[in-house]
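Visitor: Mind looking over this structure? Questions follow.
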Amino acid sequence: MYDLTGFQRDLLYVVAGKNGPNGLAVKAELEEYYESEVAHSRLYQNFDRLIEKGLVEKGRSDRRANYYVLPDRGRREIDTRREWENQYVTVPVVNQPTSTTATADE
């Protein structure tokens with residue numbers, strides 16, 4: 001996963017979080033996250049790279065649409081990445097002092 005771009009990682013995470021999404025569903029999720037349009041060419045070129053690496057598999061849902069799923073390798077890569085991230089971003093819970101509120105009788 002270390003050799004993926006940020007966009008490719010995001011693409012992988014979206015596929016992992018959906019149940020066999022088609023390309024347009026993935027595109028819509030990424031556009032919502034990035035708050036900008038994602039070019040079809042960028043999306044499908046990156047899908048192709050992830051497929052070549054064995055991180056995503058493509059299936060055909062009908063004559064016009066494909067669906068994308070994560071094989072075991074893709075899931076393992078995400079799990080490994082999240083373990084690595086957690087060692088840096090896990091923030092311990094700090095006990096906050098409870099506030100005492102004065103009542104009108106005091």
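Visitor: So, residue 33, is that one outside any helix (DSSP H, G or I), out of contact with any strand residue (DSSP E or B) (no Cβ under 7 Å at 6 or more places or on another chain) and among the aromatic types (Phe, Trp, Tyr) or not? Break it down stepwise before answering.
Guide: Values: outside any helix (DSSP H, G or I): no; out of contact with any strand residue (DSSP E or B) (no Cβ under 7 Å at 6 or more places or on another chain): yes; among the aromatic types (Phe, Trp, Tyr): yes.
Considered against the rule, which asks whether it is outside any helix (DSSP H, G or I), out of contact with any strand residue (DSSP E or B) (no Cβ under 7 Å at 6 or more places or on another chain) and among the aromatic types (Phe, Trp, Tyr), residue 33 comes out as no.
Visitor: Could you tell me whether residue 59 is without any contact (Cβ under 8 Å) to a residue 60 or more places away in the chain and on the phi > 0 side of the Ramachandran plot?
Guide: Judged against the criteria, residue 59 is not a match.
Visitor: Continuing with the same structure: Taking residue 46 as meeting all but one of (1) in a helix (DSSP H, G or I); (2) without any contact (Cβ under 8 Å) to a residue 40 or more places away in the chain; (3) among the polar types (S, T, N, Q), write down the number of the exception.
Guide: Result: residue 46 fails condition (2) only.
Visitor: Mind checking which residues of the stretch 60-74 are surrounded by 10 or more Cβ atoms within 10 Å (Cβ to Cβ) and either modelled with pLDDT of 95 or more or in a loop (DSSP other than H, G, I, E, B) (or both)?
Guide: Within the stretch 60-74, 61, 65, 67, 68, 69, 70, 71, 73, 74 meet the criteria.
Visitor: Is it the case that the stretch 21-35 has a residue that's closer than 17 Å to residue 1 by Cα and either of a type in the set (Val, Ile, Thr) or touching a residue at least 24 places away in the same chain (Cβ under 8 Å) (or both)?
Guide: no
Visitor: Identify all residues within the stretch 25-44 that are more than 13 Å from the chain's Cα centre (by Cα) and loosely packed, with under 12 Cβ neighbours inside 10 Å; write none if there are none.
Guide: Listed by number, the residues that qualify are 35, 36, 37, 39, 40, 41.
Visitor: Against the conditions (1) crowded, with 16+ Cβ neighbours inside 10 Å; (2) at pLDDT below 95, where does residue 91 fall short? Just the number, please.
Guide: (1)
The values are calculated or read from the model by the stated rules, or taken from the named source; none is laboratory data. Note that this is a predicted model, so its numbers are computed, not measured. For neighbour counting, all protein chains shown are included, and Cβ atoms are generated from backbone atoms with ideal geometry for every residue, glycine included.
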